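What follows is calculated from the coordinates using simple rules that are stated; it is not laboratory data. Just so we're clear, the structure is a prediction, and the values are computed from it rather than from any experiment. Ideal geometry is used to build each Cβ from the backbone, glycine not excepted, and the neighbour counts take in all protein chains shown.
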Ligand SMILES: *Cc1c(COP(=O)(O)O)cnc(C)c1O
């Protein structure tokens, strides 16, 4: 049957839920699912907790999609936001500037890998990816390399939802229907450590799988402008984690073949992987680094593309040469967002958050491994920094997948929500990456509730499906 507002709403729903379903189209969702599982109406956030209109609370174990770092309604951030809002909320950024943007740029240059000297502001992750792709292409066009006009990306990559970003993405679920619209990208087999084609173990891994990219570079480098990659974690792919050595080798290949390296740290930047930026662990400076999500700790949309003086210089000339980067967004360099980003960096420094992240990641690792590794159907628990993922399989030895039509991750997500825990599914993988401010007690609740939910789900499923 077709969707109608009447069909969506039902008697168990609150007034706000009914009004939401009458007009709101939610992201990344089959809206029909909302008939049976309407959206939670959140009225308050505090620390790691979200409160709904009935006062029920949920532990936000996914940092509201990667963005939250220091808890909801963080008093320190809320205070500077209020102050900034009464002084200057936003200004055009062409030929205008403001202190928060200048300070954020200065500090990001200091904190990111050496050589990234210029900061271009945009307003969300996908927009930063688009800008980096365009800059890389235009750089080559303006340095006598017009033949360089394709991108190379990894299988299962995720770089956002706009057409350019989708073009370098490789998650069929998001891409497939738009295929006729997308750029012709060279796609290389990416790392897959859980099902390593070389049967390597993490301890002895020498990133042999880099050879797939190497082959494609050898074949296509003449026409390639850039490689784009999610450093250390291919997130939307199912939290596929791989060693830093892969990035070190990739950087060397990019230099050898004269192809830009675009590091998409939209998800992993700002401490998620255990270092402030993931590229640090590989000791590489990319040609472009895209940052967003955690940059404002979940307060306002903001993103940046960082690049080198070498790239910048290829655009720097008299106006008449038409070499400028004529790209802009209305909310480019939004003052409120920049003021918050400035405070986020101050909090990292003053509250010693990188030490906090390291300690909590170690604690999480120890507790989560003990809880999950021995469970039936749990093929692997993997973790990098403050990101943990449980991959569920039909058979722990053969690593055979569970049938996707059962939507097992989604079932577990729904059950966990009933118990006051917000984790998220990606197919048969469930993941958490809580705010860094999570306490040990809250971490225990997160792990125990996840474990209980997984166990109960498979116990019931076993009875129904015998499997
Ligand atoms: C979320 C994400 C993006 C897109 O950012 P949006 O702000 O959602 O547009 C790009 N790359 C990666 C790796 C991401 O996780």
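Quick notes on this one:
- The packing ranking of peptides 454-462, 259-267, highest mean first, is 259-267, 454-462, where packing means the average number of other beta carbon atoms within 10 angstrom of each residue.
- Overall dimensions of the chain by Cα: Rg and Dmax, Å: 22.6, 73
- Fraction of antiparallel bridges per DSSP, the chain only, in percent to nearest 5: 65 percent
- Relative contact order of the chain, defined on C-alpha pairs under 8 angstrom at six or more residues apart (%): 19 percent
- Dimensions in Å of the range 73-231 - Rg and Dmax from alpha carbons: 19.9, 59
- Debye log10 I(q)/I(0) for the range 138-203, one point scatterer per Cα, at q = 0.26, 0.28, 0.29 Å⁻¹: -1.06, -1.14, -1.18
- A full extension of the chain between residue 163 and residue 145 corresponds to an added length of 4.1 nm, given 0.36 nm per residue minus the alpha carbon distance.
- Rough spin-label spacing in nm, given labels placed 7 Å along Cα→Cβ, for residue 326 and residue 200: 4.6 nm
- Sorting the segments 87-93, 373-379 by their mean number of nearby beta carbons within 10 angstrom, highest to lowest, gives 373-379, 87-93.
- Directionally averaged projected area (the range 252-367, Cα convex hull): 9.9 nm².
- Spin-label pair residue 373/residue 358, simplified geometry with 7 Å Cα→Cβ offset, distance in nm: 2.3 nm
- Packing-based order for 63-76, 314-327, using average beta carbon neighbours within 10 Å, highest first: 63-76, 314-327
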